[in-house]
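Each remark here refers to the structure printed beneath this line.
The values are calculated or read from the model by the stated rules, or taken from the named source; none is laboratory data. Remember, predicted model here, so these are calculated numbers, not experimental data. Cβ placement follows ideal geometry from the backbone for every residue including glycine, while neighbour counts extend to all protein chains displayed. Accessible surface areas use protein heavy atoms only, side chains included; no ligands, DNA or RNA. Shrake-Rupley method; radii C 1.70, N 1.55, O 1.52, S 1.80 Å.
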Amino acid sequence: MSGHDWLLFLHVLSAFALVAALVLYTVLIAVVWNKDVPTDVARLFRISKIGDVLIAVGSIGVLVFGIWLAIEDDRYKVWDGWVIAALVLWLVMGALGSRTGKIYNAARDRARSLVREGNNSPNAELRALVQDRRGLWFHTSGVIVVLLLLIDMIFKPGA
Amino acid sequence: MLAAIRPDSWNYALFVHVLGAMILVGALVTAGTAQVLSWRPGGDAGAYARLAFRTLLFVGVPAWFVMRIGAEWIYSKEKWADVPNEPDWLGVGYITADLGGILLLVSVVLAGFGARRLARADGGSSILARSAGVIALVVLALYLVALWAMTAKPG
(Lines give C-alpha, C1' and ligand atoms only; values in the text may rest on other atoms or scores of the structure.)
Protein backbone atom coordinates (compact mmCIF):
# COMPACT_ATOMS: atom_id res chain seq x y z
CA MET A 1 0.00 0.00 0.00
CA SER A 2 1.36 3.40 -0.95
CA GLY A 3 1.35 6.49 1.24
CA HIS A 4 -1.46 7.87 -0.91
CA ASP A 5 -3.57 4.72 -0.25
CA TRP A 6 -3.07 5.12 3.51
CA LEU A 7 -4.01 8.79 3.37
CA LEU A 8 -7.15 8.00 1.37
CA PHE A 9 -8.10 5.20 3.79
CA LEU A 10 -7.63 7.47 6.84
CA HIS A 11 -9.56 10.30 5.14
CA VAL A 12 -12.51 8.01 4.34
CA LEU A 13 -12.32 6.31 7.76
CA SER A 14 -12.59 9.76 9.37
CA ALA A 15 -15.61 10.54 7.19
CA PHE A 16 -17.23 7.28 8.35
CA ALA A 17 -16.54 8.21 12.00
CA LEU A 18 -18.14 11.61 11.44
CA VAL A 19 -21.30 10.16 9.88
CA ALA A 20 -21.43 7.40 12.52
CA ALA A 21 -21.51 10.12 15.20
CA LEU A 22 -24.35 11.91 13.38
CA VAL A 23 -26.34 8.65 13.15
CA LEU A 24 -25.77 8.08 16.88
CA TYR A 25 -26.91 11.63 17.75
CA THR A 26 -29.97 11.28 15.48
CA VAL A 27 -31.00 8.04 17.20
CA LEU A 28 -30.39 9.67 20.60
CA ILE A 29 -32.51 12.74 19.77
CA ALA A 30 -35.31 10.44 18.53
CA VAL A 31 -35.31 8.23 21.66
CA VAL A 32 -35.11 11.04 24.24
CA TRP A 33 -37.76 13.16 22.43
CA ASN A 34 -40.68 11.95 24.57
CA LYS A 35 -38.75 11.35 27.80
CA ASP A 36 -39.20 13.56 30.83
CA VAL A 37 -37.99 11.28 33.65
CA PRO A 38 -34.51 12.49 34.69
CA THR A 39 -32.95 9.01 35.13
CA ASP A 40 -34.21 7.92 31.68
CA VAL A 41 -32.76 11.01 29.98
CA ALA A 42 -29.45 10.86 31.88
CA ARG A 43 -29.08 7.14 31.11
CA LEU A 44 -29.73 7.53 27.38
CA PHE A 45 -27.28 10.41 27.12
CA ARG A 46 -24.50 8.02 28.23
CA ILE A 47 -24.26 6.74 24.65
CA SER A 48 -23.40 10.27 23.48
CA LYS A 49 -19.86 9.87 24.91
CA ILE A 50 -18.81 7.64 22.00
CA GLY A 51 -20.46 10.12 19.61
CA ASP A 52 -18.41 12.96 21.10
CA VAL A 53 -15.18 11.00 20.49
CA LEU A 54 -16.19 10.03 16.94
CA ILE A 55 -17.25 13.56 15.95
CA ALA A 56 -13.97 15.03 17.27
CA VAL A 57 -11.72 12.42 15.63
CA GLY A 58 -13.81 12.34 12.43
CA SER A 59 -14.07 16.08 11.84
CA ILE A 60 -10.36 16.70 12.50
CA GLY A 61 -9.37 13.60 10.50
CA VAL A 62 -11.35 14.51 7.36
CA LEU A 63 -9.83 18.00 7.37
CA VAL A 64 -6.20 17.03 8.04
CA PHE A 65 -6.07 13.97 5.75
CA GLY A 66 -8.18 15.76 3.11
CA ILE A 67 -5.79 18.74 2.88
CA TRP A 68 -2.81 16.37 2.97
CA LEU A 69 -4.30 14.40 0.05
CA ALA A 70 -4.94 17.58 -1.93
CA ILE A 71 -1.29 18.60 -1.46
CA GLU A 72 0.11 15.11 -2.13
CA ASP A 73 -2.03 14.26 -5.21
CA ASP A 74 -0.95 16.02 -8.42
CA ARG A 75 -4.49 15.85 -9.83
CA TYR A 76 -5.89 18.20 -7.16
CA LYS A 77 -4.99 21.58 -5.67
CA VAL A 78 -6.07 22.99 -2.32
CA TRP A 79 -7.51 26.03 -4.18
CA ASP A 80 -9.71 23.89 -6.50
CA GLY A 81 -13.33 25.07 -6.28
CA TRP A 82 -14.67 21.79 -4.90
CA VAL A 83 -11.92 21.67 -2.22
CA ILE A 84 -12.69 25.25 -1.13
CA ALA A 85 -16.41 24.38 -1.09
CA ALA A 86 -15.58 21.41 1.18
CA LEU A 87 -13.59 23.65 3.55
CA VAL A 88 -16.48 26.15 3.76
CA LEU A 89 -18.97 23.32 4.39
CA TRP A 90 -16.64 21.92 7.08
CA LEU A 91 -16.64 25.30 8.87
CA VAL A 92 -20.46 25.54 8.65
CA MET A 93 -20.74 21.97 9.96
CA GLY A 94 -18.51 22.85 12.92
CA ALA A 95 -20.54 25.96 13.78
CA LEU A 96 -23.85 24.04 13.60
CA GLY A 97 -22.42 21.14 15.60
CA SER A 98 -21.24 23.49 18.33
CA ARG A 99 -24.74 25.07 18.63
CA THR A 100 -26.41 21.61 18.66
CA GLY A 101 -24.00 20.35 21.30
CA LYS A 102 -24.69 23.30 23.61
CA ILE A 103 -28.46 22.73 23.48
CA TYR A 104 -28.38 18.96 24.09
CA ASN A 105 -25.57 19.16 26.66
CA ALA A 106 -27.81 21.55 28.63
CA ALA A 107 -30.59 18.92 28.60
CA ARG A 108 -28.15 16.20 29.68
CA ASP A 109 -26.70 18.34 32.48
CA ARG A 110 -30.18 19.29 33.74
CA ALA A 111 -31.19 15.61 33.80
CA ARG A 112 -28.05 14.74 35.77
CA SER A 113 -28.55 17.56 38.28
CA LEU A 114 -32.18 16.46 38.86
CA VAL A 115 -30.96 12.89 39.48
CA ARG A 116 -28.34 14.18 41.94
CA GLU A 117 -31.04 16.19 43.76
CA GLY A 118 -33.10 13.00 44.08
CA ASN A 119 -35.89 14.40 41.92
CA ASN A 120 -36.92 11.62 39.56
CA SER A 121 -40.50 12.54 38.80
CA PRO A 122 -41.50 13.59 35.25
CA ASN A 123 -40.20 17.10 34.71
CA ALA A 124 -41.76 19.58 32.28
CA GLU A 125 -38.60 21.70 32.10
CA LEU A 126 -36.55 18.65 31.12
CA ARG A 127 -39.11 17.70 28.46
CA ALA A 128 -38.91 21.24 27.03
CA LEU A 129 -35.11 20.96 26.91
CA VAL A 130 -35.06 17.61 25.05
CA GLN A 131 -37.77 18.87 22.66
CA ASP A 132 -35.97 22.15 21.92
CA ARG A 133 -36.84 22.91 18.27
CA ARG A 134 -33.64 24.93 17.80
CA GLY A 135 -31.58 21.86 18.70
CA LEU A 136 -33.51 19.77 16.19
CA TRP A 137 -33.08 22.39 13.45
CA PHE A 138 -29.37 22.82 14.12
CA HIS A 139 -28.89 19.05 14.07
CA THR A 140 -30.94 18.61 10.87
CA SER A 141 -28.99 21.45 9.22
CA GLY A 142 -25.72 19.78 10.27
CA VAL A 143 -26.83 16.49 8.70
CA ILE A 144 -27.73 18.31 5.45
CA VAL A 145 -24.32 20.04 5.40
CA VAL A 146 -22.55 16.68 5.83
CA LEU A 147 -24.65 15.25 2.96
CA LEU A 148 -23.55 18.20 0.81
CA LEU A 149 -19.93 17.50 1.83
CA LEU A 150 -20.32 13.87 0.72
CA ILE A 151 -21.86 14.97 -2.62
CA ASP A 152 -18.98 17.44 -3.09
CA MET A 153 -16.38 14.74 -2.34
CA ILE A 154 -17.90 12.20 -4.73
CA PHE A 155 -18.96 14.43 -7.64
CA LYS A 156 -16.02 16.86 -7.32
CA PRO A 157 -17.78 19.63 -9.29
CA GLY A 158 -15.38 21.49 -11.56
CA ALA A 159 -12.58 18.90 -11.21
CA MET B 1 -11.46 12.80 -2.46
CA LEU B 2 -13.24 9.50 -2.10
CA ALA B 3 -11.82 8.16 -5.33
CA ALA B 4 -10.41 9.29 -8.62
CA ILE B 5 -12.49 11.33 -11.06
CA ARG B 6 -15.24 9.16 -12.60
CA PRO B 7 -18.02 9.73 -15.12
CA ASP B 8 -20.94 11.50 -13.41
CA SER B 9 -23.26 8.56 -14.17
CA TRP B 10 -21.09 6.35 -11.90
CA ASN B 11 -21.10 8.91 -9.12
CA TYR B 12 -24.82 8.49 -8.35
CA ALA B 13 -24.27 4.77 -7.74
CA LEU B 14 -21.16 5.42 -5.65
CA PHE B 15 -23.03 8.05 -3.60
CA VAL B 16 -25.84 5.58 -2.79
CA HIS B 17 -23.29 2.85 -1.90
CA VAL B 18 -21.13 5.06 0.33
CA LEU B 19 -24.09 6.76 2.04
CA GLY B 20 -25.66 3.36 2.85
CA ALA B 21 -22.34 2.05 4.18
CA MET B 22 -21.80 5.15 6.35
CA ILE B 23 -25.29 4.95 7.90
CA LEU B 24 -24.86 1.19 8.42
CA VAL B 25 -21.58 1.75 10.30
CA GLY B 26 -23.32 4.46 12.37
CA ALA B 27 -26.14 2.06 13.26
CA LEU B 28 -23.63 -0.63 14.28
CA VAL B 29 -21.66 1.83 16.43
CA THR B 30 -24.87 3.05 18.12
CA ALA B 31 -26.27 -0.44 18.72
CA GLY B 32 -22.87 -1.81 19.82
CA THR B 33 -22.41 1.06 22.30
CA ALA B 34 -25.91 0.54 23.72
CA GLN B 35 -25.31 -3.21 24.08
CA VAL B 36 -21.95 -2.69 25.82
CA LEU B 37 -23.59 -0.20 28.22
CA SER B 38 -26.27 -2.80 28.98
CA TRP B 39 -23.56 -5.18 30.26
CA ARG B 40 -22.65 -2.81 33.09
CA PRO B 41 -24.02 -3.86 36.46
CA GLY B 42 -26.59 -1.51 37.97
CA GLY B 43 -27.60 -0.06 34.60
CA ASP B 44 -30.96 -0.46 32.93
CA ALA B 45 -30.07 -3.31 30.58
CA GLY B 46 -33.61 -3.47 29.15
CA ALA B 47 -33.64 0.15 27.91
CA TYR B 48 -30.24 -0.18 26.23
CA ALA B 49 -31.15 -3.55 24.68
CA ARG B 50 -34.37 -2.03 23.25
CA LEU B 51 -32.40 0.91 21.85
CA ALA B 52 -29.88 -1.45 20.22
CA PHE B 53 -32.63 -3.65 18.73
CA ARG B 54 -34.58 -0.72 17.26
CA THR B 55 -31.41 0.89 15.88
CA LEU B 56 -30.36 -2.32 14.13
CA LEU B 57 -33.87 -3.00 12.80
CA PHE B 58 -34.93 0.49 11.70
CA VAL B 59 -31.55 1.99 10.74
CA GLY B 60 -29.05 -0.86 10.22
CA VAL B 61 -31.13 -3.20 8.03
CA PRO B 62 -32.45 -0.49 5.62
CA ALA B 63 -28.91 0.99 5.39
CA TRP B 64 -27.52 -2.48 4.53
CA PHE B 65 -29.96 -2.72 1.60
CA VAL B 66 -29.05 0.81 0.40
CA MET B 67 -25.33 -0.08 0.61
CA ARG B 68 -25.84 -3.41 -1.20
CA ILE B 69 -28.08 -1.97 -3.95
CA GLY B 70 -25.52 0.82 -4.49
CA ALA B 71 -22.77 -1.83 -4.71
CA GLU B 72 -24.61 -3.77 -7.43
CA TRP B 73 -25.42 -0.56 -9.27
CA ILE B 74 -21.79 0.59 -9.44
CA TYR B 75 -20.67 -3.00 -10.23
CA SER B 76 -22.87 -2.93 -13.35
CA LYS B 77 -21.83 0.63 -14.25
CA GLU B 78 -18.14 -0.28 -14.10
CA LYS B 79 -18.87 -3.52 -16.05
CA TRP B 80 -16.90 -5.75 -13.66
CA ALA B 81 -18.93 -8.75 -14.88
CA ASP B 82 -17.06 -8.50 -18.20
CA VAL B 83 -13.64 -8.69 -16.51
CA PRO B 84 -12.27 -12.29 -16.41
CA ASN B 85 -10.29 -11.93 -13.16
CA GLU B 86 -11.91 -9.60 -10.66
CA PRO B 87 -9.49 -7.76 -8.35
CA ASP B 88 -9.08 -8.97 -4.76
CA TRP B 89 -10.64 -5.85 -3.20
CA LEU B 90 -13.91 -6.55 -5.02
CA GLY B 91 -13.97 -10.09 -3.59
CA VAL B 92 -13.26 -8.77 -0.09
CA GLY B 93 -16.13 -6.29 -0.53
CA TYR B 94 -18.59 -8.96 -1.62
CA ILE B 95 -17.65 -11.42 1.14
CA THR B 96 -17.76 -8.85 3.94
CA ALA B 97 -20.99 -7.26 2.69
CA ASP B 98 -22.88 -10.55 2.39
CA LEU B 99 -21.45 -12.24 5.47
CA GLY B 100 -22.03 -9.01 7.40
CA GLY B 101 -25.63 -8.96 6.16
CA ILE B 102 -26.31 -12.46 7.47
CA LEU B 103 -24.67 -11.64 10.82
CA LEU B 104 -26.64 -8.38 10.98
CA LEU B 105 -29.90 -10.32 10.62
CA VAL B 106 -28.80 -12.78 13.34
CA SER B 107 -27.92 -9.85 15.57
CA VAL B 108 -31.33 -8.20 15.01
CA VAL B 109 -33.17 -11.43 15.91
CA LEU B 110 -31.05 -12.03 19.02
CA ALA B 111 -31.34 -8.37 20.10
CA GLY B 112 -35.12 -8.53 19.69
CA PHE B 113 -35.53 -11.68 21.78
CA GLY B 114 -32.94 -10.43 24.28
CA ALA B 115 -34.76 -7.10 24.76
CA ARG B 116 -38.06 -8.95 25.22
CA ARG B 117 -36.58 -11.28 27.80
CA LEU B 118 -35.00 -8.39 29.71
CA ALA B 119 -38.33 -6.52 29.73
CA ARG B 120 -40.07 -9.58 31.21
CA ALA B 121 -37.32 -10.26 33.73
CA ASP B 122 -37.41 -6.58 34.81
CA GLY B 123 -33.65 -6.15 35.01
CA GLY B 124 -30.64 -8.47 35.01
CA SER B 125 -28.84 -9.50 31.88
CA SER B 126 -29.65 -11.63 28.89
CA ILE B 127 -27.24 -13.90 27.06
CA LEU B 128 -29.23 -13.21 23.87
CA ALA B 129 -28.76 -9.44 24.13
CA ARG B 130 -25.08 -9.90 24.95
CA SER B 131 -24.58 -12.18 21.95
CA ALA B 132 -26.35 -9.64 19.73
CA GLY B 133 -23.93 -6.96 20.95
CA VAL B 134 -20.86 -9.11 20.26
CA ILE B 135 -22.14 -9.98 16.76
CA ALA B 136 -22.88 -6.29 16.00
CA LEU B 137 -19.30 -5.42 16.96
CA VAL B 138 -17.95 -8.29 14.80
CA VAL B 139 -19.99 -6.95 11.84
CA LEU B 140 -18.58 -3.48 12.53
CA ALA B 141 -15.03 -4.90 12.42
CA LEU B 142 -15.84 -6.71 9.14
CA TYR B 143 -17.05 -3.48 7.58
CA LEU B 144 -13.89 -1.65 8.65
CA VAL B 145 -11.92 -4.32 6.76
CA ALA B 146 -14.23 -3.75 3.77
CA LEU B 147 -13.64 0.00 4.05
CA TRP B 148 -9.88 -0.58 3.94
CA ALA B 149 -10.26 -2.89 0.90
CA MET B 150 -12.55 -0.43 -0.93
CA THR B 151 -10.22 2.55 -0.44
CA ALA B 152 -6.75 0.95 -0.65
CA LYS B 153 -7.90 -1.53 -3.35
CA PRO B 154 -5.24 -4.24 -2.75
CA GLY B 155 -4.61 -6.40 -5.82
Revision key, fill the gap. The alpha-carbon pair-distance distribution computed for chain A, with 10 angstrom bins and whole-percent values, is 11, 36, 26, 16, 9, 3, 0
Study note, to complete from the structure: Sequence order, segment B:103-117: Karplus ³J(HN,Hα) from phi using 6.51 cos²θ - 1.76 cosθ + 1.60, θ = phi - 60°, Hz rounded, Gly and Pro as x, gives 5, 4, 4, 4, 5, 4, 5, 5, 5, x, 5, x, 5, 5, 5
Check your understanding: What's the extension gain from A:H4 to A:D109 if we count 0.36 nm per residue and subtract their Cα-Cα distance?
Key -> 33.5 nm
Study note, to complete from the structure: Measuring from the longest principal axis of the C-alpha atoms of chain A, the long axis of helix A:3-32 (C-alpha) lies at a number of degrees, nearest 10, equal to 20
Point to revise | Whole-number D in µm²/s for the protein assembly as shown (Stokes-Einstein; Kirkwood sum over Cα pairs; 10 °C, 1.306 mPa s) | key: 77
Check your understanding: What's the extension gain from A:A30 to A:D80 if we count 0.36 nm per residue and subtract their Cα-Cα distance?
Key -> 14.2 nm
Review point. What chymotrypsin sites (Phe, Trp or Tyr not before Pro) in segment A:74-159 are in a loop by DSSP, with at most 10 other Cβ atoms within 10 Å of the Cβ?
Key: A:W79
Point to revise | Rounded percent of accessible protein surface that carbon and sulfur make up, chain B, 1.4 Å probe | key: 69
Review point. Using 7 Å Cα-to-Cβ label points, what is the B:Y12/A:E125 separation (nm, one decimal)?
Key: 5.3
Check your understanding: Roughly how many Å² is the accessible area per residue of segment B:38-155, as a whole number, for a 1.4 Å probe?
Key -> 52
Point to revise | Surface/4 estimate of mean projected area, convex hull on alpha-carbon atoms of chain B, nm² | key: 9.3
Exercise for review: For segment A:1-76, would you read off the P(r) tail past 15 Å as a percentage of all alpha carbon pairs?
Suggested key: 61
Exercise for review: Quickly estimate the mean residue ellipticity at 222 nm for chain A, helices only: each DSSP H run with n ≥ 4 gives -39500 (n - 2.57), and the total goes over all residues, rounded to 500.
Suggested key: -28000 deg cm²/dmol
Check your understanding: Roughly how tilted is helix B:61-77, in degrees to the nearest 10 and between 0 and 90, from the longest Cα axis of chain B?
Key -> 10
Exercise for review: Loop only per DSSP, at most 12 neighbouring Cβ atoms within 10 Å: give me the trypsin sites (Lys or Arg not before Pro) in segment A:42-75, ordered by residue number.
Suggested key: A:R75
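Across peptide B:14-25, what mean number of C-beta atoms from other chains lies inside 10 Å of a residue's C-beta?
4
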Check your understanding: A:V88 to A:D132: FRET efficiency via 1/(1 + (r/R0)^6), r the Cβ-Cβ distance, R0 22 Å, to the nearest 0.05?
Key -> 0.25
Practice item. Can you tell me the 0 to 90 degree angle between the C-alpha axis of helix A:81-116 and the longest principal axis of chain A, rounded to 10? Key: 20
